[in-house]
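Chemist: Sending over a structure as structure tokens; questions will come in a sec.
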Amino acid sequence: MLDADFVKSHGLGNDYIVVDAAHFGIALTPERVRLLCHRHLGLGSDGVLEVSATDDRFSVKIWNPDGSEAERSGNGLRIAAKFLSEHGYTIEHSFTILTAAGPVKTEVYREAGRVVAVRLEMGRAVIDRGVKTLDVPGYRLDVTVVSVGNPHCVVFGQPQTRDSLLAIGPLVENHARFPARINVQLAAPDTRNRVRALVWERGAGHTLASGTSACAVAAVCYDRGLVDGKVTVVMEGGQLEVEVAKDLSIIMTGPVEEVFVGSLSPDMRRRLVEVQ
């Protein structure tokens, strides 16, 4: 089991703080999560993974840096799988992690005893056939809305630039059509097996990569007939391999790295307690 307060890990630059809910010693709240994720005042991350392990049953609560909760995170789940495998919670190479959006079957791949990649069975994508265009200030967007356990709006026909993402991302995320907000991707297929994507995450903003975003982009491109069933999704932080079946069931495989294992200082622990 973890003999420190937390682990910091990332999947393609999408970084998370991982804690064991039973041993962290401080109950997480939105305010405390915001402090932990703060890049200057806290540990700094794109979110917090609150892992619970009881016997051989594993679950994870996924916190966004703004203190909201995410139903699912592909990068977060790969990180959680590595955490459970490398810190003594399981010796199995395949196990299930429960999320707010349901169970996800994971399979870890090791090299020299370390988990270097994780395969996730992400379930079926569900496409909203009623949304094909979206009007936001300054744009009429070609979009597809899809759920892969959490909601996504995949945008086509826009420049693959950070300026374009920063302009469009928040407008779509906070559009009145999506009262619970939505994740946003600018997608650009290159070949039948390769798609580029820029990512704007609900509750986090611009991120280097997102596992569920990669799944959403691959599923939508497959549904539109733009790609085949095996797709490499290339994001700023790197690439993920996504397989999409005819029924839009998705398997995603990608790397994961642990950055460091750490303990909270007395000052940081005091500040977390104070913010409630």
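The values are calculated or read from the model by the stated rules, or taken from the named source; none is laboratory data. Keep in mind it's a predicted model, so treat the numbers as computed, not measured. Methodologically, a virtual Cβ is constructed for each residue, glycine included, from the backbone with ideal geometry; neighbour enumeration extends over all protein chains shown.
Chemist: State the number of residues belonging to the stretch 197-246 that are in contact with an Asp or Glu (Cβ under 7 Å, 6 or more places away or on another chain), in a loop (DSSP other than H, G, I, E, B) and not polar (S, T, N, Q).
Modeler: 6
Chemist: Would it be correct to say that G138 is touching an Asp or Glu at 6+ places or on another chain (Cβ under 7 Å), modelled with pLDDT of 95 or more, of a type outside the set (K, R) and surrounded by fewer than 13 Cβ atoms within 10 Å (Cβ to Cβ)?
Modeler: Against the criterion (touching an Asp or Glu at 6+ places or on another chain (Cβ under 7 Å), modelled with pLDDT of 95 or more, of a type outside the set (K, R) and surrounded by fewer than 13 Cβ atoms within 10 Å (Cβ to Cβ)), G138 does not qualify.
Chemist: Just give me the residues in the stretch 135-177 being without any contact (Cβ under 8 Å) to a residue 40 or more places away in the chain and in contact with a Ser or Thr (Cβ under 7 Å, 6 or more places away or on another chain), in sequence order.
Modeler: Passing the criteria: R140, L141, D142, V143, Q158.
Chemist: Here's a follow-up. Closer than 21 Å to R202 by Cα and among the basic types (K, R) - does that describe any residue in the stretch 80-97?
Modeler: The answer is no; no qualifying residue exists.
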